[in-house]
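Working notes, structure below.
The values are calculated or read from the model by the stated rules, or taken from the named source; none is laboratory data. It should be emphasised that the depicted structure is a prediction, and the values quoted were computed from it without experimental measurement. FYI the Cβ positions are ideal-geometry reconstructions off the backbone, even for glycines, and counts take in every protein chain you see. Surface accessibility is based on the protein's heavy atoms, side chains included, excluding ligands, DNA and RNA. Shrake-Rupley method; radii C 1.70, N 1.55, O 1.52, S 1.80 Å.
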Amino acid sequence: MFFHAHPDDEALLTAGTMAMLAAEGHRVVLVVATAGERGLAEMAPGEALGETRLKELYESAALLGCARVECLGYGDSGLSPKGGIAEERPDNAFIDADTEAAAKALAAILQEEEADLLAIYDPAGGYGHPDHVQVHRVGKRAAKIAGTEIVLEATVNRDPLVRLLRLAGRFYKFPPEFDVRTFESAYSSSETITHRVNVRKYTRQKRASMAAHASQASGGDSDRTLAVMLKVPRPLYRFVFGTEWYVRRDLPPGTRLTHPFDRWPK
């Protein structure tokens, strides 16, 4: 089971792993906490963004081979570090949810599916989105309630990312609001990462999953992340997005595994 905050998050961090596991014959279940209704998008008049994003989610899941898709039904908290002021958030914003209640809802699906593995985010929520941080808290508790043995924290190896951004900064002037230093505490350092999953055979599905979230490739004042990623030439895309990273906290430091179900020798 893969637990994400919003539709399109699965495409960015875990799509290759999901497609790989489905191809190997595993039953793959995708759960999102919210419909992502507060995301930026260029929508036609009268079109409900949450409904559109859930439709895109189902299309993405089908492309990846998912057997089941569920939405817990919480409200999208918004992108700011505190989810915006409380008055601007929906009454059922995910960051305001009772962690235990949300964990029990997720645990019920884990138990129904008899899931062997749950993928969530690292404690930083990747780049710090409040709903992503809540996914970590809720997912960690849900796995304990359900007795799910393997908990993987989807992340990115921040060390080469920071080096690349610093190098790019020598030749490209980032916008004033972009601070490379924020990435020094985002995602996970190389030494904490336990799983480096080679998904190059499945980058076609991963790219298709990204493309399915068309509403999130537009909107805002600049190119969106998905739009930029989809412009990467296919041969380079396979190289850049051919690895997905995870942290499993119950394994010893220095663990180097290449498959979600690999076992560390006892």
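For residues that are in contact (Cβ under 8 Å) with a residue 12 or more places away in the chain and acidic (Asp, Glu), scanning just segment 7-37, find the one that is surrounded by the most Cβ atoms within 10 Å (Cβ to Cβ). Steps first, answer last, please.
Here is the first cut: in segment 7-37, the residues in contact (Cβ under 8 Å) with a residue 12 or more places away in the chain are 7-23, 27-37.
Still in the list and also acidic (Asp, Glu): 8-10, 37.
Details: Asp8: 27, Asp9: 28, Glu10: 30, Glu37: 19.
Among them, the one singled out is Glu10.
Residues of segment 108-124 being assigned to a helix (DSSP H, G or I) and either free of Cβ contacts under 8 Å to residues at least 40 places away in the same chain or out of contact with any helix residue (DSSP H, G or I) (no Cβ under 6 Å at 6 or more places or on another chain) (or both), which ones? Give the steps one after another, and end with the answer.
Taking segment 108-124 as the starting set, the residues that turn out to be assigned to a helix (DSSP H, G or I) are 108-113.
Matches in segment 108-124: Ala108, Ile109, Gln111, Glu112, Glu113.
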Report yes if Arg137 is touching a helix residue (DSSP H, G or I) at 6+ places or on another chain (Cβ under 6 Å), at pLDDT 95 or above, under 22 Å from Ser185 (Cβ atoms) and open to solvent by 10 Å² or more (accessible area, probe 1.4 Å), otherwise no. yes
Could you grab the pairs with beta carbons closer than 7 Å, sequence gap of 6+ or different chains, first residue in segment 89-106 and more than 15 Å from His6 (Cβ to Cβ), second one assigned to a loop (DSSP other than H, G, I, E, B) and open to solvent by less than 50 Å² (accessible area, probe 1.4 Å)? Asp96/Arg89
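Here is a yes/no grid of residues against (1) surrounded by 15 or more Cβ atoms within 10 Å (Cβ to Cβ); (2) farther than 29 Å from Gln205 by Cα; (3) at pLDDT below 95:
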| position | (1), (2), (3) |
| --- | --- |
| Gly83 | yes, yes, yes |
| Leu106 | yes, no, no |
| Glu113 | yes, no, no |
| Tyr121 | yes, no, no |
| Lys144 | no, yes, no |
| Ile150 | yes, no, no |
